[in-house]
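The values are calculated or read from the model by the stated rules, or taken from the named source; none is laboratory data. Because the structure is a prediction, the values reported are computed rather than measured. Here the Cβ positions follow ideal geometry from the backbone for every residue, glycine too, while neighbour counts run over all protein chains shown. SASA here: full protein model, heavy atoms, side chains in, ligands and nucleic acids out. Shrake-Rupley method; radii C 1.70, N 1.55, O 1.52, S 1.80 Å.
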Amino acid sequence: MPADPTDPFQPPTPEQFETFLRDHPANPPTAWQMRTPWLIALVLIVLSFVTGGPVSAVLPWVALIWLIGHTSFRSRRMVSLQVGVRRTQETAMLRRYTQAMRQGWRMLPQVTPIPMLHGQTVAMISHCLDTLGEYEAAIVGYDYLLAQLPPGQPITVHIGVSRAAAALGAERLSDADDGIRRLRGPVEPFTNTPISAAYRLAMLTQQVRTHHFEEGVQESEGLIDELRPLGVDAGYGHALMALCHFHTDLNAGDRDDVSNPAKTWWRQATLLLPPDTLLKRFPELQPLTELS
Amino acid sequence: MNEQPPINPDPDANGPTDQGDQTPPTDDRAALNASASPVTIPPFTPDRFLRDLGIDSTIRWTALVVVVVAAGYLILSEQTDTTLGLAVVMLLAFGWISINTISATVWRTLPSITELIGHNPVGAEALLAEHLKRRPLVRWVRLMLYHRLASIRHRQQRFQESAVICQSLLGQNLGPARRQRGPLLLMLLEAQLQCGNLHGAYAALLELHAQPLPLVESLQRLALQTRYEVLAGHDAAALAGVKQKLMLAELMPADHCGAMHAMLTTSATRAGHQELADWLWRRTCLLCSPAQVKHLFSSPFSIGVVAPPDPNG
């Protein structure tokens, strides 16, 4: 989505996001809060036995109406919040990240009583920040989620991979390296899924950011299959592999003759994603634009 | 990567296939296992479905009438002892709540049935069979149980039965379950396409277009509509707004995105847009694995994907 120059939107800083999450944590109702409507109904029924006359006859019905009304209100509220979060996620899916960020930011305080929706909203905001290049702020969100989620679950592993990739984006190389090493085992059961593909892309990004281009080339066998679950986003991986070949050729002294593999990988990358999109996320791909 | 594996499926498999053939695809092991599994719920018949709804309705209305009449009598009768009257009212209310508890219990298990359909259709069917026997159920809870049955049959590739269940459900007032109307229509559309019933598919598509859908379901509708257009030979319609369609296809999971590209490749080839067909085909080969591409071409449920001629030979 091209940025609108008139849009006053400023993504939150990591500190702002951290404070926001601290002010609006997931806050599910306690067991007593859940029981309160039933206790009120019980009190009304007991009162109906204690009192006499018409009040006594009316109170049980009041209790029943109260319970039905309360349950109905709660379920309507729940559905309304679910629809709100789903719409926000759809906006993010349509790559309108700024708009999705705004909606998510407004939704978060409302969904604090429902931990599932709260987690989904934080994940969506973090993903938007990540995609907008606000890696440090995204890491705040990912860390918050990782502290809440049970280890080993697919969503936990996926967020762990996203966090490692964001750390690479933020040039926190040793932090990213720790994350990638730690995730090697947990990622294994998710072969041929977007999780393993995102992990492979993170590894390739690490090789590029640490200038291990030859290592990247050596490990390129099967890369297309490994990246495939990412869909068109596999284009980022193809572009990074083209860069690995490009620098390997330069290091080998073939300054004037860029090898066919570099051109092939770049052609594949631009077949999946436009060069502008590739450059926006990985500015180091700039020299490859001459290969087009 | 110097050499991309040549993806040139068997040309014999590229032609239009028998749309009525319902042999399951060989590489979908989960579905095969499911279809080979013992069936615990007898084949669906609309008559039994309507009888189930009728029995539920009769029991619930009878119970409600008893509660209301008894309560009215106790309130209006001046001779009744107040405490006894209250106790009877409470008993009736308790009975009414107990009847509804059956539905609430079944309703709470619906998500676990949905989850089971994904990885253990046999277990899901057994659980569903148990719940379908319970009476009385609130109308929309029973409808949701049948919706899950349609999902199981769809997964087992028993598309004709799945289509009949969907049609029976769509003929009912879904009430609080009306949000399932979109998924039901999508399931019906796919089942009709799998059965080669283009008229039925068209009718489902028409209804889907009159239905507001969330994004994910809109994407599914787009893929199924494209599949319908390719099957029906409406290549111009399939290619209309191709740029926007591809933008939306890119939001789909990789294999669905690849299938969309393959379908559009077919239409572009047949419509003589060779350059577009080549471009789409190259993207298809990146988005789908050779096995997936082969499956697209050789599946009995093939949409008759036609690959453009290989530019290298």
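Every residue, every condition in (1) open to solvent by less than 80 Å² (accessible area, probe 1.4 Å); (2) modelled with pLDDT of 95 or more; (3) in contact with an Asp or Glu (Cβ under 8 Å, 6 or more places away or on another chain), yes or no:
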site: A:Pro2; (1), (2), (3): no, no, no
site: A:Asp7; (1), (2), (3): yes, no, no
site: A:Leu21; (1), (2), (3): yes, yes, no
site: A:Leu44; (1), (2), (3): yes, no, no
site: A:Val50; (1), (2), (3): no, no, no
site: A:Val79; (1), (2), (3): yes, no, no
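Please tell me if B:Ser302 is at pLDDT below 90 and open to solvent by less than 30 Å² (accessible area, probe 1.4 Å). In short, yes. Within the bounds of region A:242-250, is there any residue that is without any contact (Cβ under 8 Å) to a residue 24 or more places away in the chain and either charged (D, E, K, R) or surrounded by fewer than 17 Cβ atoms within 10 Å (Cβ to Cβ) (or both)? There is at least one residue in region A:242-250 that is without any contact (Cβ under 8 Å) to a residue 24 or more places away in the chain and either charged (D, E, K, R) or surrounded by fewer than 17 Cβ atoms within 10 Å (Cβ to Cβ) (or both).
Of everything in region B:120-150 that's open to solvent by 40 Å² or more (accessible area, probe 1.4 Å), part of a helix (DSSP H, G or I) and touching a residue at least 24 places away in the same chain (Cβ under 8 Å), which residue is farthest from B:Ala177 (Cα to Cα)? So the residue we want is B:Val122. Of all residues in region A:187-221, exactly one satisfies the criterion of being among the β-branched types (Val, Ile, Thr), under 23 Å from A:Gln286 (Cβ atoms) and not in a helix (DSSP H, G or I), namely A:Thr210. Evaluated against (1) within 14 Å of chain B (Cβ to nearest Cβ); (2) in contact (Cβ under 8 Å) with a residue 40 or more places away in the chain, A:Ala202 falls short on exactly one condition, (1). Scanning region B:131-163 for residues that are under 19 Å from B:Gly54 (Cα atoms) and either in contact with a Lys or Arg (Cβ under 6 Å, 6 or more places away or on another chain) or of a type in the set (Asp, Glu) (or both) turns up just one, B:Pro136.
Quick one: which of B:Val65, B:Val88 is at pLDDT 85 or above, open to solvent by 40 Å² or more (accessible area, probe 1.4 Å) and more than 34 Å from the chain's Cα centre (by Cα)? Matching residue, one of B:Val65, B:Val88: B:Val65. Consider region A:262-274 and keep the residues that are under 23 Å from A:Asp249 (Cβ atoms) and either open to solvent by 50 Å² or more (accessible area, probe 1.4 Å) or of a type in the set (Asp, Glu) (or both). The one that is nearest to the other protein chains (Cβ to nearest Cβ) is A:Arg267. Can we say B:Met247 is open to solvent by less than 30 Å² (accessible area, probe 1.4 Å), part of a helix (DSSP H, G or I), of a type in the set (A, V, I, L, M, F, W, C) and within 14 Å of chain A (Cβ to nearest Cβ)? When the stated conditions are applied, B:Met247 does not pass them.
Scan region A:221-235 for residues that are within 7 Å of chain B (Cβ to nearest Cβ), surrounded by 19 or more Cβ atoms within 10 Å (Cβ to Cβ) and of a type outside the set (A, V, I, L, M, F, W, C) and the total you get is 3.
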